[in-house]
Amino acid sequence: MTITSTVSYEANDFNSNLEREIKRLYLQAEIMWKQESRNLRWFGLQDGMSVLELGSGPGFITEKLLSLFPNSSITALDIDPVLINYCQQRLDNYLGNRLTVSTASIFDTGLPDNSFDFAIARLIFQHIPNPVDAAKEIRRVLKPGGKLVITDHDDEIFFIHEPPLPEYQMMSEKMRRGMATRNGNRRIGRQLWRILRDAGFQNPELEIIVSHSDDQGMEIFTQVIDPELFSSVVKKGWATEEEMQNYLRANHEFLSMPDSLVLLLWLMAYGEKP
Ligand SMILES: C[S@@+](CC[C@H](N)C(=O)[O-])C[C@H]1O[C@@H](n2cnc3c(N)ncnc32)[C@H](O)[C@@H]1O
């Protein structure tokens, strides 16, 4: 399927180049996995389960799931053939064994009814229109009693800077508005519980997970909050070069303060198929 510029996420257009975006996704998987995996287990993910990962991208979470759950089979699905190909090449040794990869849309997975114990959708719901339809498609392919966890962010509680960095918030807001013109929703976090309920999931739950620079060091956060993301916001015409320069100056000052601190927050929503 061809990805057009009406979608809010294209890996080769989201950052200055594909390689840089893949690295950002890698680091983003690293800094949150401790909290994410703890919550996935708490929500009922166990070794031996058949797992569907939607919007798996380059497969960094796929790899972590394969290693944490050595008796589980994982189906990794993504709409982008380039990322699927990257995932396939990296995880070649699992293919045909515990790993299946599929180039397909979350809205039309082509997977059989009632076939998975657990589904994970990480950082994809912010990029799609009609999230309830996507959740309904996931419900269809889950077994009765099967569980879905959607992990995503909400701009209002995404990156918290101490001391506050209003220039970041301003660029982030420009990005949010721009992505909204492409069916993106960077405030999806607050909607997740409701999406699950409206898609017919039962016992919905909503949790917040946090990672921060006091624990992981500021260096990795400076790469996850990649200023190049905002360069691409300028390239797309959603912010001006002057706003970008103001942000870069303020960010430089922020990083040079000895006590600066960054927190990254995501929401994890859980529901069960009746
Ligand atoms: C921000 S990336 C997240 C990748 C991965 N889940 C992670 O956390 O590293 C969003 C992913 O969703 C995929 N995606 C976007 N729209 C999709 C759709 N309609 N169906 C399937 N995948 C989609 C993109 O191709 C991309 O790989």
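The values are calculated or read from the model by the stated rules, or taken from the named source; none is laboratory data. Please read all numbers here as calculations on a predicted model, not as lab measurements. Just the protein is used for accessible areas: all its heavy atoms, side chains included, with ligands, DNA and RNA removed. Shrake-Rupley method; radii C 1.70, N 1.55, O 1.52, S 1.80 Å.
On a straight-distance basis, which lysines could pair with LYS23 in a cross-link, Cα separation under 18 angstrom, same-chain partners fewer than 8 positions away excluded? Here the lysines satisfying the reach criterion relative to LYS23 are LYS64.
With all protein chains in place and ligands, DNA and RNA left out, the 1.4 Å accessible area ranks THR222, THR100 as THR100, THR222, largest first.
Relative to the 2.2 N^0.38 Å rule of thumb, region 117-274 has a C-alpha radius of gyration ratio of 1.17. Counting protein heavy atoms only, region 128-274 has 49 percent of its accessible area on carbon and sulfur, 1.4 angstrom probe.
For region 2-63, with all protein chains present and a 1.4 Å probe, just round the carbon and sulfur fraction of the accessible area to a whole percent. Please report the intermediate quantities before stating the final value.
On the way: 1250 of 2600 Å².
Its accessible area is 48 percent carbon and sulfur atoms.
Accessible surface calculations at 1.4 Å, restricted to protein heavy atoms, place region 106-156 at 35 Å² per residue. The calculated Kirkwood hydrodynamic radius for region 84-135 is 13.0 Å, given to one decimal from all distinct C-alpha pairs. Counting only alpha carbon atoms, the long axis of helix 241-256 and the longest principal axis of the chain meet at about 90°.
Eigen-decomposition of the gyration tensor built on the alpha-carbon atoms of the chain gives equivalent ellipsoid semi-axes of 31, 20, 19 angstrom, largest listed first.
By the rule of a C-alpha distance below 21 Å, with chain neighbours fewer than 8 residues away ignored, the lysines paired with LYS143 are LYS273.
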